[in-house]
Each structure stands twice: as structure tokens, then as C-alpha cells.
Amino acid sequence: MSALEPGDAAALGRVLAARRDVRTGFTAEPVDDAVLRRVLAAAHLAPSVGFSQPWDFLVLRDVALRAELAALAETQRAAFAASLPAARARAFAGLKIEAIREAPVGVVVTCDPTRGGRHVLGRATQPRMAAHSVAGAVQNLWLAARAEGLGVGWVSFFRERELAALLGERVGLPQHLEIVAYLCVGHVGEFAAGPELESAGWARRRPLEWAVHEGTWGAHPGGDALDDAVAACADIDVTEGEAAARERLTRMTVPPGALGRIADVGVRLAGLAGTCPPPVPEPAVVAVFAGDHGVHAQGVTPWPQEVTGQMVANFLAGGAAVNAFANQVGAEVVVVDVGVASPVDEAPGLLPRRIRAGTADMTAGPAMSRDEARAALVVGVEVARDLVAAGNRLLVTGDMGIANTTASAALVSAFTGASPEVVTGRGTGIDDAMLAHKAAVVRTALERHGLLGTTAAADDPLGALAAVGGLEIAGIAGLLLGGAALRTPVVVDGVVAGAAALVAHALAPSASHAWLAGHRSVEPAHTLALTHLGLEPLLDLGMRVGEGTGALLAAPLVAAAARALGEVATFDSAGVDSKAVAEGTT
């Protein structure tokens, strides 16, 4: 019977909303055979490519076999845990995965890519459609089980061929089959109110608006990601959270003012969060935006342009300074190719978001078009969205691009009004002659685009970015806006990030409430940018590496500020005499 009854849509909606991936809490109550058959019948009703029905369901009840499978999964779980940054590893340790042993029934859902012969309609051009069809069967099974009051957990801590080989030895699984899912099925004590990984803070649900594109890619309901971020930043109000933090500081068991700048950071975090204490900003991720610069042709650096791509490969291989510092502070490293001139091979940690293969020479014309500059800003916003949705609570800016300090100096001059000779620094360590030449190149570019000693940049920040900026600078500006829009703190690195912050601030001034200056670079333009933005650096170590290194070193200080507000006892709770603390007599 194909006709639906009144109320069916609402009932389906309730089942969809109530479905959970159950990792623990299964009871020993056996699953009734008739109920299990109804669940499998629902799975068998799934649509499939060419009506090939490539699935099979292997039902496992043997306790010893399930214990062996659990041990196999635990080996891979441990290997995954060892690969995680420190904060992620701590969070992962709290996620218990006992379902393989606890659940009375295991269902192995397989895909037979040969079923139906050579001429399955729709599979010739898209061979993976067979496995995609099986995923539809898994979906049906999951929903039907929930409607029957059964919990289902999808265990993916298996190497697929390793699991297939073991099941081939133990139960005769044909080795041409692909295992799509191992599902734990059984009764549970209670279903969680929300997805476990979301409630545990491991990840967040993406809003539907981010996932819907109307007509063209990136055209979301209500505008693109940049429009949404700028509008969200305009609504930032830090008054309540900052007031609560300042009040709590007066009651904490430390002498007034003793926390120094750490207290200021805590107040800033509380203001952004709108509550005190603010959430501890962990885990952290550094997003290294990479792009090449056409102004390299003017001889502003002794380094060949190919170094950008080579360093990107180094980041992805884990061999750069940013990787060492990230390992030390427990942060993840992702690399965003927004404009590298040379090809970049796929690798874990790479986000391929290239707008174009490097900018044009800004002394001969605009570095990029307005549309390209805007597209790179959108990339940055969307990277921020994805990283925050993945559970990160602190964003760190990073950069890579040979000649990007030239573009950064031009932007800082354009937005602050400082002369090219004042803002231009030595970058990768150039000599006096090349420094003078570099400043002259910056002056030439600013004069060509009407940005020298004018308010043109403030009046049209997108135009200034397109004229003398860089693709990675635009990406970082987007990250700064995207993080602020999501009330997620962003630690700003050196001069390249400082230039990006000037652009972002001109687009959405209130976004700066989310930013913390990680350190002061020796590049003169960086101090000018921070002063213009009203940001005081947490560290001053004489660094000029870039990559996000200085900002990473400041990340533990930012986390410590939040912990201080949340974990340092108040006078009342600790039974401490506030007058004695104020006088330093404790």
C-alpha cells in the first residue's frame, strides 16, 4: 500500500529528530525476532541504483565473535586517539564506545558491487552508486529501529578489509563484498536528548542555511557567507559578559590586579561569550592560508616563488615551525590553498579552496578582481564555519606566501595612513638595498591605485584588498569575520594577519571583539596595525616567522584566562578573608 495516512509526515519527523547514534547504554534485553525482521524489511525497501539491491545483512549474535570484533575496533580506536592533538585526545577519551559488546545483536551491512551484472542502470558512469544505495538501506534500518524503540550504533573503527578478512575466516563472508556498516542493535536504558557528539562538544550541527545553495553555489538563503558574517558581527554586544567577568574578578581569591593581562583576556572572552565564566577555548586549530603574489616579479624578496608550494607541502608533512608549535600546545593544523601558484597534491589537512593561481602584480594593475577578493573572503568565512562546526573553540590565524609582507605593508599603509617607508619591513631578512626597493614598490602600487595618503581604503575596503592585497590575506580576513560571527575567539598572528584584520575591521568594526593579538612581530607594519585596531599583543618575542607560530604560543594563555575565571575560587566559596588577600597577607 503506497498511500500515506494523515499524521504520517509528523510521525516521520518525530522519528528523524529522535534518531541517535548509540555508543553505550545498551541493555541485555534480547531483540525480538519479529521486531528485527520488521527493521530489516524496512532496510530492504531502500531505493537502489538500477533497482540492483546490492545489500545483504549479516546478523551476528555470538558473544565470543562480537568480543573479537570489539578488540579489533579497539586497536584502531587507540591508533586514532594517538593521532589526535592533546585537547581532542582528552575529549575523545571521555567518549565511551562499548556498543559492540553491550548490544545483543550486530548487523553487518554489505555491498555487492557485482550484483545485477554489467548493465545495471546508472552504475556504469557512477560505480560508487552501489555503495551509496547501501547507505540508503542503513538509513532505513536506523529509522525503523528507532520507531520500534531500538537503539542503533554505527561503528566505524574498523579497517574495512581487515574486518572483511576476519569475518571471512569466522563466518564465511565472501571477500568480494564491501562492508559498508557494522551496526549495533538493541534496547537501551534511555535515548539521549540530543546527538552524543554534539552534547559532548565534539562537533556542532551546521545550520541548514549553510547547506542550502539557491541557483548558484554559495548563494545561501538571505545572502552569501560574507553577508551573513558581517550582519552577525554587527549584533555582537559584549557589555553583559564583560561586566559579569569584572564583577567576578573582584571576588576571586587573588589580589586585585594580580592577574594582569590575563584578567583582561578573561574579560574579553566573557564579553564575547555573553556569560561568565566563558567556555575554555579548546580545542584550538591554526588555519594556514596560502597564496602567491604577482608582486614577487618586482624583486622584493630573494626567495623564489616556488617556496610557497614547497612550504605548503612541508606543513602537510608536519615538518614546519607551525607544526612543532602546534604539537606543543595541542592544536590542529589545517592548510587552506586559496591561491598557490603551483599545484598542491592532496593530503590530510589540506583544504583546496583555490580562487586563482596567485595574484597579479599590484604595481601593474589590481592584484585581483573585486569578485576574486570577495570570493577569498567567503572562503575564509566558510573555513571558520567548518572548523567551529567540527568542535574547535579557538581559531588561530596562519599564513604562507612568498612576498606577502609586501602586500601586507601596502594594506597597512593604505588603512593607517603611515608612509610606505615606515610600514615596510625586512620580511624574510632582506638587506638594506632590497628594503629600500621594496618600500619603493609599495609606494608605486599605492600611488597607482589611489591609496597613498587617502581615505580610499576605509571608504572601500574590498577595493583596497583587491588592489594591493593577497588571496591568503583575504582568506584570513574572512576567518576573522567568520569566527567573530560565531562568537568564537580568534588569535591573530603577525603582520600578514594584522593586515587582514585591518580589512576585516573596516568591513565589520565590532568583529574585533573576538580577536586577541597573539604576539608582536618585528615587522613595523604589525605594530601600526595593532595600534590602529586597539589590540595589545600577549607576547613580544622578536619573532617574524609567520605561519601562525606566534599566535600558537599565545593560545595557552588564552585558555588559562578562561580557566581562571571558571576555576579560581571566590572568597565566599573558599572561606578566605578578602581583606587579607587584598593586603597580600595570606
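The values are calculated or read from the model by the stated rules, or taken from the named source; none is laboratory data. Being a predicted model, the structure only gives us computed values, none of them experimental. Note: ideal-geometry Cβ built from the backbone for every residue, glycine included; neighbour counts use all protein chains shown. Note: areas computed on protein heavy atoms with side chains; ligands, DNA, RNA excluded. Shrake-Rupley method; radii C 1.70, N 1.55, O 1.52, S 1.80 Å.
Observations on the model:
- In the range 123-142, the residues that are crowded, with 22+ Cβ neighbours inside 10 Å and either among the acidic types (Asp, Glu) or under 24 Å from Arg38 (Cβ atoms) (or both): Ser133, Val134, Ala137, Leu141, Trp142
- Scanning the range 391-405 for residues that are among the aliphatic types (A, V, I, L, M) and either without any contact (Cβ under 8 Å) to a residue 40 or more places away in the chain or over 15 Å from Val288 (Cα atoms) (or both) turns up just one, Ala403.
- Filter result for Gly25 (at pLDDT below 95, in contact with a helix residue (DSSP H, G or I) (Cβ under 9 Å, 6 or more places away or on another chain), small (Gly, Ala, Ser) and farther than 22 Å from Glu178 by Cα): yes
- For the range 462-478, the set of residues classified as in a helix (DSSP H, G or I) and either aromatic (Phe, Trp, Tyr) or buried (at least 24 other Cβ atoms within 10 Å of the Cβ) (or both) consists of Ala464, Leu465, Ala467, Val468, Leu471, Glu472, Ile473, Ala474, Gly475, Ile476, Ala477, Gly478, listed by residue number.
- Residue list for the range 532-544, restricted to those being under 12 Å from Thr416 (Cβ atoms) and without any contact (Cβ under 8 Å) to a residue 60 or more places away in the chain: Leu533
- Within the range 188-216, the set of residues being over 14 Å from Arg374 (Cβ atoms), open to solvent by 60 Å² or more (accessible area, probe 1.4 Å) and without any contact (Cβ under 8 Å) to a residue 60 or more places away in the chain comprises Ala193, Glu198, Ser199, Leu208, Glu209, Glu214, Gly215.
- Among the residues of the range 500-523, the ones that are polar (S, T, N, Q) and over 16 Å from Thr428 (Cα atoms) come to 2 in all.
- Residues within the range 479-494 that are of a type in the set (A, V, I, L, M) and either open to solvent by 10 Å² or more (accessible area, probe 1.4 Å) or more than 17 Å from Val396 (Cα to Cα) (or both), tallied: 2
- Residues of the range 373-401 classified as over 15 Å from the mean Cα position of the chain (by Cα) and open to solvent by 10 Å² or more (accessible area, probe 1.4 Å), total: 4
- Filtering the range 495-520 to residues that are surrounded by 24 or more Cβ atoms within 10 Å (Cβ to Cβ), without any contact (Cβ under 8 Å) to a residue 40 or more places away in the chain and in a loop (DSSP other than H, G, I, E, B) leaves nothing.
- Within the range 283-309, tally of residues that are open to solvent by less than 30 Å² (accessible area, probe 1.4 Å) and in contact with a His (Cβ under 6 Å, 6 or more places away or on another chain): 0
- Taken as a whole, the range 55-76 holds at least one residue that is open to solvent by 30 Å² or more (accessible area, probe 1.4 Å), polar (S, T, N, Q) and in a helix (DSSP H, G or I).
- Note on the range 167-199: residues that are in contact with a helix residue (DSSP H, G or I) (Cβ under 7 Å, 6 or more places away or on another chain) and farther than 22 Å from Glu68 by Cα total 2.
- Residues satisfying the stated conditions in the range 545-576, i.e. over 18 Å from Gly241 (Cα atoms), of a type in the set (Gly, Ala, Ser), in contact (Cβ under 8 Å) with a residue 40 or more places away in the chain and outside any loop (DSSP other than H, G, I, E, B): Gly550, Ala551, Ala554, Ala555, Ala574
- Within the range 524-570, the set of residues being closer than 20 Å to Gly425 by Cβ and open to solvent by less than 10 Å² (accessible area, probe 1.4 Å) comprises Ala525, His526, Ala529, Leu530, Gly548, Thr549, Gly550, Ala551.
- Counting only helices (runs of 4 or more DSSP H) wholly contained in the range 237-351, the ones carrying 3 or more residues that are more than 22 Å from the chain's Cα centre (by Cα) and more than 23 Å from Leu565 (Cα to Cα) occupy 306-317.
- Residue that is farthest from Arg77 (Cα to Cα), among those in the range 146-163 that are under 33 Å from the mean Cα position of the chain (by Cα) and either open to solvent by less than 20 Å² (accessible area, probe 1.4 Å) or of a type in the set (Asp, Glu) (or both): Gly151
- Hits in the range 343-356 - residues which are open to solvent by less than 60 Å² (accessible area, probe 1.4 Å) and under 13 Å from Leu471 (Cβ atoms): Ile355
- Of all residue pairs spaced 6 or more apart or on separate chains, those with beta-carbon atoms under 7 Å, a first member in the range 312-328 that is at negative phi and a second member that is hydroxyl-bearing (Ser, Thr, Tyr) and surrounded by 16 or more Cβ atoms within 10 Å (Cβ to Cβ) are Ala321/Thr549; Val322/Thr549; Phe325/Thr549.
- Of the candidates Val185, Val230, the single residue that is touching a residue at least 40 places away in the same chain (Cβ under 8 Å), surrounded by 13 or more Cβ atoms within 10 Å (Cβ to Cβ) and in contact with a strand residue (DSSP E or B) (Cβ under 6 Å, 6 or more places away or on another chain) is Val185.
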